[in-house]
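Down below is the structure, laid out as structure tokens.
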């Protein structure tokens with residue numbers, strides 16, 4: 001069923017609920033949620049972003065991507081850019097997806113991995129160097145539990161605890177002691193207890209059982225106090241209780257068991273989050289974060305999800321990728337506007353996306369190739385935007401919550417034909433990010449597909 005039909009069902013349901021509540025009735029939270037569920041609204045279960053495209057897994061196991069299509073990195077059989085999500089051809093059982101510099105890969109429920117996009121240095125892992133705009137199977141990977149795509153190489157964790165990498169071998173980023181391209185997966189030397197892996201621009205890192213982290217490849221970003229490259233994995237200094245690790249272009253960040261975050265590597269733009277722009281060859285604490293549940297390192301910035309559901313970002317802000325309404329860099333974390341119920345965040349080149357507890361996805365930052373997925377003109381956005389084909393999140397005022405006294409009242413008034421201040425007066429919360437009728441009307445018409453609203 002087309003998405004506009006789904007939203008038509010939603011608004012028809014709401015109009016009926018309003019009618020039953022009386023001419024001046026207010027739509028309750030339960031009615032709003034019930035109508036959205038009846039409409040079969042789209043949700044997501046994981047999102048990951050690259051430099052200029054984004055991908056997400058939906059509950060059925062299918063994958064959708066949006067943004068730059070060059071080299072076939074959207075996986076839909078095309079090389080065209082798309083500003084709204086398009087389905088990746090032939091994938092129906094994905095459990096995770098990773099978007100990299102020029103290609104993407106999906107982890108399948110079977111333990112296999114499929115990749116699509118540029119293959120010029122073997123980054124598809126299928127034994128060749130041709131690009132593919134539809135998924136191809138990575139050779140010999142049948143027991144993967146995690147996958148990560150970097151600028152021009154990829155790595156996967158196996159059920160054995162080993163890690164295999166493929167693609168560009170420069171700077172020893174494949175971890176097999178070689179700098180040569182490998183078009184098929186090769187084992188990372190010395191890693192036998194990995195639980196997750198991250199692939200960056202010229203280095204890679206693995207989180208090991210027990211909480212230590214090991215990295216290999218380009219120097220200065222391995223966290224071992226050295227600026228030299230390493231052909232095999234080295235232990236990151238001082239980290240013994242990490243719960244997750246994320247590898248960016250020039251830096252790496254880890255969440256520790258107590259909820260603090262530490263980063264190391266290139267400090268330009270303030271991407272280490274410690275109030276400085278200096279590089280650090282050993283981990284430094286990100287200022288002010290003590291309740292993180294996840295972290296993501298991008299090209300120039302990084303973001304963390306907090307236990308409260310808020311998101312904070314730091315580093316380069318030139319395209320609005322920090323989500324705080326500014327284009328200024330920040331060497332300490334700043335709060336992303338309007339995000340209060342995030343469960344996951346992903347930092348890319350110069351944009352970021354958050355997965356909300358509702359299953360919706362919101363993105364912010366650079367949008368030159370449509371990588372925000374909001375279906376709008378290629379204009380950078382300094383605050384979070386909804387994915388164009390995501391579910392109607394019912395959060396009409398954009399405060400991150402669904403409330404009868406705000407969202408229910410706003411929708412009731414809008415469906416009764418009111419406009420302007422007659423809709424918004426007394427219906428906005430202190431955290432509202434859509435504060436004018438025009439902003440709310442645009443959201444209702446563009447995301448929720450509500451027709452017939454007053455101008």
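The values are calculated or read from the model by the stated rules, or taken from the named source; none is laboratory data. It should be emphasised that the depicted structure is a prediction, and the values quoted were computed from it without experimental measurement. Ideal geometry is used to build each Cβ from the backbone, glycine not excepted, and the neighbour counts take in all protein chains shown.
Filtered by the rule that a residue be over 20 Å from residue 121 (Cβ atoms) and buried (at least 24 other Cβ atoms within 10 Å of the Cβ), segment 58-80 gives 63, 64, 65, 66, 67. For the residues 122, 210, 127, 177, the requirement of being on the phi > 0 side of the Ramachandran plot, touching a residue at least 60 places away in the same chain (Cβ under 8 Å) and either touching a helix residue (DSSP H, G or I) at 6+ places or on another chain (Cβ under 6 Å) or not in a strand (DSSP E or B) (or both) singles out 122. Could you check segment 31-68 and list, in sequence order, the residues that are at pLDDT 55 or above and in a helix (DSSP H, G or I)? Selection gives 31, 32, 35. Taking residue 85 as the residue in question, decide whether it is assigned by TED's automatic domain parsing to the domain that holds residue 201, surrounded by fewer than 17 Cβ atoms within 10 Å (Cβ to Cβ), at pLDDT below 95 and over 25 Å from residue 202 (Cβ atoms). Judged against the criteria, residue 85 is not a match. Restricting segment 104-119 to residues that are touching a helix residue (DSSP H, G or I) at 6+ places or on another chain (Cβ under 7 Å) and not in a loop (DSSP other than H, G, I, E, B), the residue that is nearest to residue 89 (Cα to Cα) is 116. Do you know which of the residues in segment 152-166 that are over 23 Å from the mean Cα position of the chain (by Cα) and not in a strand (DSSP E or B) is surrounded by the fewest Cβ atoms within 10 Å (Cβ to Cβ)? Of everything passing the filter in segment 152-166, 159 is surrounded by the fewest Cβ atoms within 10 Å (Cβ to Cβ).
Inside segment 130-151, residues that are touching a helix residue (DSSP H, G or I) at 6+ places or on another chain (Cβ under 8 Å) and not in a loop (DSSP other than H, G, I, E, B) make up a count of 3. Within segment 398-425, being closer than 21 Å to residue 340 by Cβ and either over 34 Å from the mean Cα position of the chain (by Cα) or outside any loop (DSSP other than H, G, I, E, B) (or both) holds for 404, 405, 406, 407, 408, 409, 410, 411, 424.
Scanning segment 310-321 for residues that are over 20 Å from residue 257 (Cα atoms) and either at pLDDT below 95 or part of a strand (DSSP E or B) (or both) yields 314, 315.
Counting only residues that are more than 12 Å from residue 98 (Cβ to Cβ) and touching a strand residue (DSSP E or B) at 6+ places or on another chain (Cβ under 8 Å), how many does segment 114-131 have? It would help to see each step written out before you state the result.
Going residue by residue through segment 114-131, those that are more than 12 Å from residue 98 (Cβ to Cβ) are 118-122, 124-131.
Narrowing further to those that are touching a strand residue (DSSP E or B) at 6+ places or on another chain (Cβ under 8 Å): 118-119, 121-122, 124-129, 131.
Looking only at that region, the number is 11.
Name the one entry in 148, 137, 178, 196 that is under 24 Å from residue 210 (Cα atoms) and surrounded by fewer than 23 Cβ atoms within 10 Å (Cβ to Cβ). Break it down into steps so the answer makes sense when it comes.
Numbers: 148 fails: surrounded by fewer than 23 Cβ atoms within 10 Å (Cβ to Cβ); 137 fails: under 24 Å from residue 210 (Cα atoms); 178 fails: under 24 Å from residue 210 (Cα atoms).
The match here is 196.
To keep it simple, each residue is scored yes or no on (1) within 18 Å of residue 151 (Cβ to Cβ); (2) surrounded by 15 or more Cβ atoms within 10 Å (Cβ to Cβ); (3) out of contact with any strand residue (DSSP E or B) (no Cβ under 7 Å at 6 or more places or on another chain).
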residue: 206; (1), (2), (3): yes, yes, no
residue: 211; (1), (2), (3): no, yes, no
residue: 215; (1), (2), (3): yes, yes, no
residue: 219; (1), (2), (3): yes, yes, yes
residue: 223; (1), (2), (3): no, yes, no
residue: 234; (1), (2), (3): no, yes, no
residue: 239; (1), (2), (3): no, yes, no
residue: 243; (1), (2), (3): no, yes, no
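Note on segment 222-309: enclosed strands (runs of 3 or more DSSP E) holding 1 or more residues that are farther than 21 Å from residue 175 by Cα are 242-247, 251-256, 261-265, 280-285, 292-297, 301-306.
If you check residue 339 against the conditions, is it in contact (Cβ under 8 Å) with a residue 40 or more places away in the chain, assigned to a loop (DSSP other than H, G, I, E, B) and either within 18 Å of residue 253 (Cβ to Cβ) or in the same structural domain as residue 199 (by TED's automatic domain parsing) (or both)? Explain how you work it out, then say what you get.
On the way: in contact (Cβ under 8 Å) with a residue 40 or more places away in the chain: yes; assigned to a loop (DSSP other than H, G, I, E, B): yes; either within 18 Å of residue 253 (Cβ to Cβ) or in the same structural domain as residue 199 (by TED's automatic domain parsing) (or both): yes.
It is true that residue 339 is in contact (Cβ under 8 Å) with a residue 40 or more places away in the chain, assigned to a loop (DSSP other than H, G, I, E, B) and either within 18 Å of residue 253 (Cβ to Cβ) or in the same structural domain as residue 199 (by TED's automatic domain parsing) (or both).
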